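Worksheet: one structure, shown below.
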Amino acid sequence: MVDLKAQYAPIQDEIEAAVLEVLRSGWYVMGPHHEAFEKEAAAYVGVEHALGVASGTDALHLALRAAGVGRGDEVVTTAFTFVGTVEAILYIGAKPVFADIDPETYNVDPSMIEPVLTSKTKAILPVHLFGRPADMDAIMAIGKAHGIPIVEDAAQSIGARWGDAMTGGIGRAGCFSFYPTKNLNAAGDGGMITTNSDEVAERVRSLRNHGSRRRYHHDEVGYNSRLDEVQAAILRVKLKHVEAYNEGRRRIARRYSELLADADVVTPTEPGHGNHVFHQYTILSERRDAVMAALKEAGSSSGIYYPIPLHRQAFCAEEYADVTLPVTERVAASCMSLPVHPELAAEDVDRIAAVVAESAVAV
Ligand SMILES: *Cc1c(COP(=O)(O)O)cnc(C)c1O
């Protein structure tokens, strides 16, 4: 679904020079590249602070804690997401409360949030799934009305805009992942928290570094969760290309949508009030198995993100046995994603679309 070697080739010299420079410098953690990356990433997302951490899951964990979520609290989120979203809540000893999704955007349906709020709700955690912004106007209004902070899971949406704002720069905190498959990716794990709050930034600085603000003084029990210099140096090079990468994804997505306009599949739409950065190009098909088999036969990859919604996963199924999320369940049963990485050749896009159109026809 991605071609990391093809992404690497055109920036190889620049990345290798940056990595060699770090290796020769002897400064491997919390050094100059990390500091510079935080400044550059904060400017890109349009926020006061960006804080490097070790992964996207850590970003969520630390951001929720810094936003005030503690043991026994509830966090409203979606069950149609990567497992890391919910692991972060569970690490704290808080409870994920699932609101159903919107059938067109696959993101949390704002009208489903208010009915599940309780006195224990301490955060709302929307996910900008597949690179499409969640409805942040409605979600921010709910947060404001109830005094509940919004923490954005922007792991799949770096560069996606909601109105004039960037995803990850709207709520109390935004959480990013630089896992190698993401739109902005490291050569390993990495993550980032963005915020306009000095208080959240201070707390994250402490939590990510063993609860320490002053060397050998530990105010609280923290974590070891830092973005290392090698990854920061690589990310600085790639951050300069992220707009072009996203535009490449958008171009491929538009092409698929044109070619599949009359096919027997549901294609993704774009928000009128922002843009979609197509971390995934996800369609719905009643004949998913047949379409995926035909693609495999034709030598193309496809994937299911996500086949089992989180309230049905073994680790929490028992607790959520009584919860039904009809839209989440319906979408999970028919969704499939086509390759949309920016290095994908136009001929491949045309070929993949033709296979999908042909195999998706009801028999
Ligand atoms: C990738 C991802 C994460 C977790 O990020 P890691 O860096 O893999 O820990 C969390 N949420 C979503 C929606 C993701 O796609």
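The values are calculated or read from the model by the stated rules, or taken from the named source; none is laboratory data. Note that the coordinates shown come from a computational prediction; the quantities given were computed from them, not determined experimentally. Please note: Cβ atoms are built from the backbone with ideal geometry, for glycine as well, and neighbour counts cover all protein chains shown. Surface areas here come from the heavy atoms of the whole protein model, side chains and all, with no ligands, DNA or RNA. Shrake-Rupley method; radii C 1.70, N 1.55, O 1.52, S 1.80 Å.
Per-residue ellipticity at 222 nm, computed for the chain from helices alone with -39500 (n - 2.57) per DSSP H run of at least four residues, works out to -11500 deg cm²/dmol.
Which residues in the stretch 43-63 have a backbone N closer than 16 Å to a point placed 7 Å from the Cα of LEU4 along the Cα-to-Cβ line? From the stretch 43-63, the list is 55-56.
Exposure check, 1.4 Å probe, all protein chains in place: ARG255 carries approximately 90 Å² of accessible surface. Work from the charge dipole of the stretch 230-358 (Cβ charges, +1 for Lys and Arg, -1 for Asp and Glu, about the Cα centre) and give the residue of GLY248, THR328, LEU338 farthest towards its positive end. Of the candidates, GLY248 comes out farthest on the positive side. Packing here is the average count of other Cβ atoms within 10 Å per residue, and on that basis the peptides 273-279, 238-244, 146-152, highest first, run 273-279, 146-152, 238-244. The residues of the stretch 2-63 present an accessible area of 50 Å² per residue when probed at 1.4 Å with all protein chains retained. A DSSP coil position with no more than 12 other Cβ atoms inside 10 Å describes the following GluC sites (Glu not before Pro) in the stretch 306-363: GLU318, GLU319. Directionally averaged projected area (the stretch 220-284, Cα convex hull): 7.9 nm².
Could you tell me whether the stretch 202-354 comes out rounded, prolate or oblate from its Cα gyration tensor? Rule is a ≥ b ≥ c as square roots of the eigenvalues, rounded for a/c under 1.5, then prolate if a/b exceeds b/c, otherwise oblate. Oblate is the answer for the stretch 202-354, as a/c is 1.5 or above yet b/c matches or exceeds a/b. Counting only DSSP beta bridges whose two residues both lie in the chain, roughly 65 percent are antiparallel. Placing +1 on the Cβ of every Lys and Arg and -1 on the Cβ of every Asp and Glu, with nothing else charged, gives the stretch 128-236 a dipole about its Cα centre of roughly 220 debye. Out of all Cα-Cα pairs in the stretch 27-166, roughly what percent, to the nearest whole number, are more than 24 Å apart? Cα-Cα pairs of the stretch 27-166 separated by over 24 Å account for 30 percent. About its Cα centre, the chain has a charge dipole of approximately 800 debye under the convention of +1 per Lys or Arg Cβ and -1 per Asp or Glu Cβ, with nothing else charged. Peptides 59-66, 256-263 ranked from most to least packed, by the mean per-residue count of other Cβ atoms within 10 Å: 59-66, 256-263. Size of the stretch 294-352 from its Cα atoms: along the principal axes, largest to smallest, the extents are 47, 23, 20 Å. For the stretch 82-130, carbon and sulfur atoms together expose 57% of the accessible surface, with a 1.4 angstrom probe and every protein chain in place. Restricting the calculation to Cα atoms, the stretch 41-95 yields a radius of gyration followed by a Dmax of 12.3, 36 Å.
Straight-line reach from LYS238: which lysines fall under 20 Å, measuring Cα to Cα and dropping same-chain residues less than 8 apart? Partners found: LYS5, LYS39, LYS182.
Calculated on the alpha-carbon coordinates, the convex hull of the chain measures out at 136 cubic angstrom per residue.
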